[in-house]
Amino acid sequence: MSNQNIDDRKDESNKIEKPKSTGGGFWKRFEAAILLTLVGGAIDTIGFIALLGFFTNHVTGNLVMAGGGLVKGGDDLWIKLGALPVFIITVMFTQRYITRRSADKPILSELLFAEVLFLTAFMVSALMFGPFEDPGAIDLAITGFLGLMAFAIRNTAGKTVMGKVRPTLLMTGNTTQLGIDLSDYFFDRNRCNMESLKHSAAIVFFFAFGALIGTLLYMKIGFWSIAPFILPVFYLAFKSRDEQYLVQQNMSAKS
């Protein structure tokens with residue numbers, strides 16, 4: 001299939017860099033971004049604590065940890081290095097799936113359902129094999145890679161069918177944008193940068209809030225703490241089948 005499908009996907013989900021108001025309240029306009037970011041913060045924190053320093057949200061932290069492992073040694077070096085090919089292969093298969101689907105299909109919904117599937121597998125594996133004590137154990141690797149694959153799917157969606165949406169799994173760029181928006185708000189205030197500031201602040205706040213809630217739940221109920229954070233993704237997978245919802249969330253070319 002040609003690259004036209006990818007272009008159609010990007011247009012279909014032409015999300016906001018500078019959010020525009022579509023009417024309604026704050027939650028009505030930013031629900032999807034808030035829920036996805038909340039899940040990202042919670043699962044990454046739960047994974048990092050429970051998997052003895054393994055990051056499920058991204059490969060950057062795992063590569064940094066692997067670099068430290070090369071100097072200090074450690075049994076978990078192969079897992080940190082293995083995160084890179086696992087992530088890339090997942091992205092490759094996800095991208096192939098996207099390009100083979102016709103542009104009128106609810107591809108974002110399907111990718112969110114796939115994320116739900118892998119997050120559920122991540123939780124089941126953690127319940128079966130955990131708690132973990134050996135950072136280099138194969139069962140820890142299987143569990144961590146399942147979580148990593150779930151978010152590799154979302155990262156791929158963010159680069160393709162979600163168009164210009166701000167990342168919901170990594171906060172460096174969002175925190176930078178928050179600083180820019182604060183500067184614009186204080187020194188060149190207008191309605192547009194106020195909307196952007198609300199969006200940036202919500203993304204950063206709810207990622208941190210998710211991390212806090214995830215930590216507290218993990219301390220109380222262990223790996224069952226993953227379950228509440230699968231539900232929002234499941235909810236959004238259903239909601240994103242509706243084009244009107246995508247428009248409302250600034251997740252469609254019709255926005």
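Since every read-out is calculated from the coordinates, none of them should be taken as a lab result. No experiment lies behind these values; they were computed from the predicted model shown. Virtual Cβ from ideal backbone geometry, glycine too; neighbours counted across all protein chains shown.
With an 8 Å Cα cut-off and a minimum separation of 6 or more residues, compute the relative contact order for the stretch 109-160 in percent.
On the way: 34 pairs, mean separation 27.0, N = 52.
RCO, the stretch 109-160: 52 percent.
Quote the convex hull volume per residue of the stretch 39-153, based on C-alpha atoms, as a whole number of Å³. Before the final figure, lay out each step's value.
Working: hull volume 10.6 nm³, N = 115.
It is 92 Å³ per residue.
Roughly how many nanometres apart are two label points built 7 Å out from the Cα toward the Cβ at Phe26 and Phe234?
About 2.8 nm separates the two model spin labels.
Give the shape of the stretch 78-209 as rounded, prolate or oblate, defined through the alpha-carbon gyration tensor: a ≥ b ≥ c are the square roots of its eigenvalues, a/c under 1.5 means rounded, and otherwise the shape is prolate if a/b is larger than b/c and oblate if not.
On the way: a/c = 2.62, a/b = 1.56, b/c = 1.68.
Because a/c hits 1.5 or more and a/b fails to exceed b/c, the stretch 78-209 counts as oblate.
Give a residue-ordered list of calculated ³J(HN,Hα) values for the stretch 146-156 (Karplus: 6.51 cos²θ - 1.76 cosθ + 1.60, θ = phi - 60°; whole Hz; x for Gly, Pro).
Each residue's phi maps through the Karplus curve to give 5, x, 4, 5, 4, 7, 5, 4, 5, 4, 5 Hz.
Suppose a student asked you for the relative contact order of the stretch 106-255, using Cα pairs under 8 Å spaced at least 6 residues apart; what percent would you report?
Numbers: 123 pairs, mean separation 49.4, N = 150.
Once divided by the residue count of the stretch 106-255, the mean separation gives 33 percent.
For Phe186 paired with Asp242, estimate the spin-label separation in nm (one decimal), with each label point 7 Å from Cα along the Cα-to-Cβ line.
About 4.0 nm separates the two model spin labels.
For a 28 Å ceiling on Cα separation, which of these pairs sit above it: Lys159/Lys239; Lys80/Lys159; Lys105/Lys159; Lys105/Lys198; Lys159/Lys198? Please report the intermediate quantities before stating the final value.
Values: Lys159/Lys239 20 Å; Lys80/Lys159 24 Å; Lys105/Lys159 18 Å; Lys105/Lys198 31 Å; Lys159/Lys198 23 Å.
Violating the 28 Å Cα-Cα cut-off are Lys105/Lys198.
Starting from the Cα gyration tensor of the stretch 74-126, take the square roots of the eigenvalues, sort them a ≥ b ≥ c, and report rounded, prolate or oblate (rounded when a/c is under 1.5, otherwise prolate if a/b is larger than b/c, else oblate).
Values: a/c = 5.44, a/b = 1.76, b/c = 3.09.
Oblate, because a/c is 1.5 or more while a/b does not exceed b/c.
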